[in-house]
Amino acid sequence: MKGRNLSALLLLFILPVLIGAQTVPVKTEIKSVKVYLSGAELFHTAKVKLEKGNYEILFGNIASNFDMNSVSVTGKGNIIITSVGQQYNYLENAVKPEEIKVLEDSLKTVEAAITKKGNERDVFAYEQELILTNRNLAGRQTNVTVAEVQKYADYLRKRITEIRSSMSALNLDLENLNKTRDRINRQLQDLNEKYRQPVNQISVDVTSNAPGTAEFEISYFVSDAGWTPVYEVRVKDINKPIDLGYTAKIRQNTGLDWNNVKLALSSRNPWQSQNKPELYPWLIDFRTLAKKYAPQAEANVMGAANSGVVVMRKEAEAPIAETMADYTSVNEDLLSFEFEASIPCTIPADGKPHSVILKNYELPGTFEYFAAPKMDRDAFLLGHITKWGDLNFLQGEALTYYGNSFIGRTYINPNISKDTLTLSLGRDRGINVERKPLKDYTEDKFLSSDIERTFAYDLIIKNNKNKEIKITVEDQIPVSKNEDITVKPIELSGGSLDAESGKVKWNVTVEPGKSVTKRFVFSVRYPKDKPVSVIERPVLKTCLCSIKSRTTWRSKWGCK
């Protein structure tokens, strides 16, 4: 009984508030946007004049798919914010994006052209009907000569031909225009299905204690947005610093254009788990393992990537045009860093990437050439950048240029613990490196129970450039995984051997137009009755014992 009395008492207080609340629609204005690697946070402002009383304020001009749990509403003025909610307006559709407006304009143009072409065709058809209806008019006249009849017949033939030719061309034009109209209508239908959804609004219940103007700040998170970094690496000369442009590709499909907003780009990803990892007991026990042989992948600093936006610069006496990089600052906190633009930016809601230049760096670096002729005969120019840790790099594609020539695409991965960041700047066709097997050094020794095979190669580095080069050349010898297999380096021509990986490295200086040869020889010894599967031969790289028809090879390799 007491519970019922309490409920009735509460209703007596709440009902007057609900009944007396006035609904006030208010259009908000986007002031700033913080874009994350995935998602974005939008900040709106609004002002509304209120008398004393209770109000339900419906804030419009809101992104279509916002996360209600992320909504924050604060206010200034003699008001009390009692609740915040979400509401759909079924009487008003979302603002049409620019893509739909362009298609609608195109549809009007096409329909106008169809009407014009149809009118022209109708005029020709009327003229043809008029001519054919009156074609016997000359025959009913008595004083018409044969020459006049012939002349009139020629006119009819010529004019009817012209009319029908024009009508055929108009019919073809109309057919193409109708196809274009159908395509536009289908595209508009698909887009309008999305934007005919009810308008999303934020509902705020407010109590105003006195007449005045209330100011509101609204923020919320949306998922249909994000940004990715793109780099532009320019090398003017190997004796000059590296020019590196840091660009952001921003995309958003929130249903709301960001017009002249203050823009900030954050390195955070709100979708990534924020929970700390936990270590659980690591149990060890006996089990049967299948032996597998696979090359161990190494983390490369560089790799292929997608295309990006390029900002070309030309050497000229006139001052270079300013970019957003001149108006962007970097702020760093404990968990992330942000790029903040000091001038407004505009990003349309079309889902397409839009480029904003964040920073331009002039970085001191060292250069060297690198070649691995076993894999590729070309030499690659590498740039080494030191003290790069404070540049706030993120993983992203990089476009490389030498001078004003586009070299290719590579990848920057700052998630490494090295002090030096290595950039692969592309191939240099002016240097040729050949790996030549030497048959004269290749021999087989048949010992009591083993076979010893010798391998020899010449690495020929040819400098076709007009200046001296320094190049690092790498090759390798096999690494034994079995104590019955012995790999022995015989000659390395001054190269350094990493016994663990089997890599052999030469640091070579080559004068202009000259060539340098480095020879390396090694042997492999293994039992006759145990075929070896990872021995490299000039052509075949699998065990030759599996080829039963080649008896010579079988005996040479100790196959039974």
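The values are calculated or read from the model by the stated rules, or taken from the named source; none is laboratory data. Given the structure is predicted, the values throughout are model-derived calculations rather than measurements. So basically every Cβ, Gly included, is an ideal-geometry build from the backbone, and we count neighbours across all protein chains shown.
Any residue in region 258-270 that's crowded, with 17+ Cβ neighbours inside 10 Å: show its pairings with residues that are acidic (Asp, Glu) at Cβ separation under 6 Å, as long as the two are six or more apart or on different chains.
Pairs found: 264/338; 264/340; 266/338.
Is it the case that region 231-253 has a residue that's closer than 20 Å to residue 74 by Cα, part of a strand (DSSP E or B) and touching a residue at least 40 places away in the same chain (Cβ under 8 Å)? Don't jump to the end; show me each part of the working.
Initial filter on region 231-253 (closer than 20 Å to residue 74 by Cα): none.
Looking through region 231-253, none of the residues is closer than 20 Å to residue 74 by Cα, part of a strand (DSSP E or B) and touching a residue at least 40 places away in the same chain (Cβ under 8 Å).
Search region 164-185 for residues being surrounded by fewer than 13 Cβ atoms within 10 Å (Cβ to Cβ) and hydroxyl-bearing (Ser, Thr, Tyr), and hand back the single one that is nearest to residue 103 (Cα to Cα).
Looking at residues that are surrounded by fewer than 13 Cβ atoms within 10 Å (Cβ to Cβ) and hydroxyl-bearing (Ser, Thr, Tyr), I get 168.
Whether any residue in region 187-196 is touching a Lys or Arg at 6+ places or on another chain (Cβ under 7 Å) and modelled with pLDDT under 85 is what I want to check.
yes
Right, residue 479: at pLDDT 85 or above and not in a strand (DSSP E or B) or not?
yes
What's the total number of residues in region 353-409 that are surrounded by 14 or more Cβ atoms within 10 Å (Cβ to Cβ) and in a helix (DSSP H, G or I)?
Qualifying residue count for the region: 1.
Taking region 140-169, which residues are within 15 Å of residue 128 (Cα to Cα) and hydrophobic (A, V, I, L, M, F, W, C)?
Scanning region 140-169 gives 153, 156, 160, 163, 167.
Go through region 46-62 and give me each residue that's closer than 12 Å to residue 88 by Cα and among the aliphatic types (A, V, I, L, M).
Listed by number, the residues that qualify are 58, 62.
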